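A.B. asks: Before I ask anything, let me first share the structure, which is written out below as structure tokens.
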Amino acid sequence: MTAKKETEGSPSQWSRVVEDVIRESGLPIVSDERVGGPVWVDVRELRLRYLVPVKRIQPFFDGLRRGRVMATRCPAKNIYYFPPQADCPTCLDENLEWVELKGEGELLTYTKIVNKPASFAHYSDYIVAIARMDEGFNVLCWLAGSLEEIKPGMRVKLVVKKREPEGFFSYYLEAA
Ligand SMILES: [Zn+2]
């Protein structure tokens, strides 16, 4: 059994593979090419669903629904926070301004993610990129597009698209 087969697919497919391995070999131990050897697959499945309070950054999500990308800014220090923070970690001011980002910047670097974390295994391979926004801070997020059409130094912009298959709004970089 190859490690590729073990590490692809949904958690329920995984569970079935592990059940087969236990029946065949007596132990839930599989070969995994990412760790370069055998791994014990815990047979107790742990499901996590995070609940993150967002009341104080509600304008960010209201913005996404309208196709806009919002950040917070400390008026005293002129520092942008993105993803937005409710409080300024520099001067502890809790009254930050909400600003709509122009959303344009320069692509610094990127990588294509082929080996995904378990909770991202259902997505097609995706590109994660870092861009320097014109406002003077870096953004790390997915880049919509193909490797052929991007290179470091090119102009990029932030866009709001739905993350499928879940269908929720998120922000992406794409070629400007
Ligand atoms: Zn501040």
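A.B. asks: Kindly evaluate R34 against the criterion of being closer than 30 Å to W14 by Cα, under 21 Å from the mean Cα position of the chain (by Cα) and not in a helix (DSSP H, G or I).
C.D. replies: On the way: closer than 30 Å to W14 by Cα: yes; under 21 Å from the mean Cα position of the chain (by Cα): yes; not in a helix (DSSP H, G or I): yes.
The answer is yes for R34.
A.B. asks: Out of E164, E148, which single residue is under 29 Å from D32 (Cα atoms), without any contact (Cβ under 8 Å) to a residue 12 or more places away in the chain and more than 16 Å from the ligand (Cβ to nearest atom)?
C.D. replies: Working: E148 fails: under 29 Å from D32 (Cα atoms).
When all the criteria are applied, what remains is E164.
A.B. asks: Hey, does the stretch 23-38 have a residue that's closer than 23 Å to G167 by Cα and either away from the ligand (no atom under 16 Å from the Cβ) or open to solvent by less than 100 Å² (accessible area, probe 1.4 Å) (or both)? Show your work before the answer.
C.D. replies: Applying the first criterion (closer than 23 Å to G167 by Cα) to the stretch 23-38 yields none.
For the stretch 23-38, residues closer than 23 Å to G167 by Cα and either away from the ligand (no atom under 16 Å from the Cβ) or open to solvent by less than 100 Å² (accessible area, probe 1.4 Å) (or both): absent.
A.B. asks: If you check L173 against the conditions, is it in contact with a Gly (Cβ under 7 Å, 6 or more places away or on another chain), open to solvent by less than 30 Å² (accessible area, probe 1.4 Å) and within 10 Å of G103 (Cα to Cα)? Before the answer, list the steps.
C.D. replies: On the way: in contact with a Gly (Cβ under 7 Å, 6 or more places away or on another chain): no; open to solvent by less than 30 Å² (accessible area, probe 1.4 Å): yes; within 10 Å of G103 (Cα to Cα): yes.
It is false that L173 is in contact with a Gly (Cβ under 7 Å, 6 or more places away or on another chain), open to solvent by less than 30 Å² (accessible area, probe 1.4 Å) and within 10 Å of G103 (Cα to Cα).
A.B. asks: Could you check the stretch 144-170 and list, in sequence order, the residues that are within 18 Å of G103 (Cβ to Cβ), under 14 Å from the mean Cα position of the chain (by Cα) and open to solvent by 70 Å² or more (accessible area, probe 1.4 Å)?
C.D. replies: K161, K162, F169
A.B. asks: Report the residue count in the stretch 69-78 for those that are touching a residue at least 12 places away in the same chain (Cβ under 8 Å) and open to solvent by 30 Å² or more (accessible area, probe 1.4 Å). Spell out how you get there, then give the answer.
C.D. replies: To start, the set of residues in the stretch 69-78 that are touching a residue at least 12 places away in the same chain (Cβ under 8 Å) comprises 69-77.
After this cut, where a residue has to be open to solvent by 30 Å² or more (accessible area, probe 1.4 Å) as well, the list is 73, 75-77.
Matching residues across the stretch 69-78 total 4.
A.B. asks: Is there a residue being open to solvent by less than 90 Å² (accessible area, probe 1.4 Å), closer than 24 Å to L173 by Cα and either under 15 Å from the mean Cα position of the chain (by Cα) or polar (S, T, N, Q) (or both) anywhere in the stretch 89-103? Before the answer, list the steps.
C.D. replies: Pass one, the stretch 89-103, residues open to solvent by less than 90 Å² (accessible area, probe 1.4 Å): 89-91, 93, 96-99, 101, 103.
With closer than 24 Å to L173 by Cα added as a condition, the list becomes 97-99, 101, 103.
With either under 15 Å from the mean Cα position of the chain (by Cα) or polar (S, T, N, Q) (or both) added as a condition, the list becomes none.
Within the stretch 89-103 (the criterion being open to solvent by less than 90 Å² (accessible area, probe 1.4 Å), closer than 24 Å to L173 by Cα and either under 15 Å from the mean Cα position of the chain (by Cα) or polar (S, T, N, Q) (or both)), the answer is no, since none of the residues qualifies.
A.B. asks: How many residues are surrounded by fewer than 14 Cβ atoms within 10 Å (Cβ to Cβ) and hydroxyl-bearing (S, T, Y) when one looks only at the stretch 115-143?
C.D. replies: 2
A.B. asks: Another question, then. Would you please list the contacts, defined by Cβ atoms under 7 Å and residues six or more apart or on different chains, that run from a residue in the stretch 82-101 that is assigned to a strand (DSSP E or B) to a residue that is more than 14 Å from the ligand (Cβ to nearest atom) and open to solvent by 50 Å² or more (accessible area, probe 1.4 Å)?
C.D. replies: E100/R68
A.B. asks: Taking the residues in the stretch 55-68 that are touching a strand residue (DSSP E or B) at 6+ places or on another chain (Cβ under 6 Å) and part of a loop (DSSP other than H, G, I, E, B) as candidates, determine which candidate is surrounded by the fewest Cβ atoms within 10 Å (Cβ to Cβ).
C.D. replies: Selected residue: G67.
The values are calculated or read from the model by the stated rules, or taken from the named source; none is laboratory data. Model, not experiment: these values are computed from the prediction. Counting neighbours? That spans all protein chains shown, and the Cβs are built from the backbone with ideal geometry, glycine included. These accessible areas exclude ligands, DNA and RNA; they are computed on the full protein's heavy atoms, side chains included. Shrake-Rupley method; radii C 1.70, N 1.55, O 1.52, S 1.80 Å.
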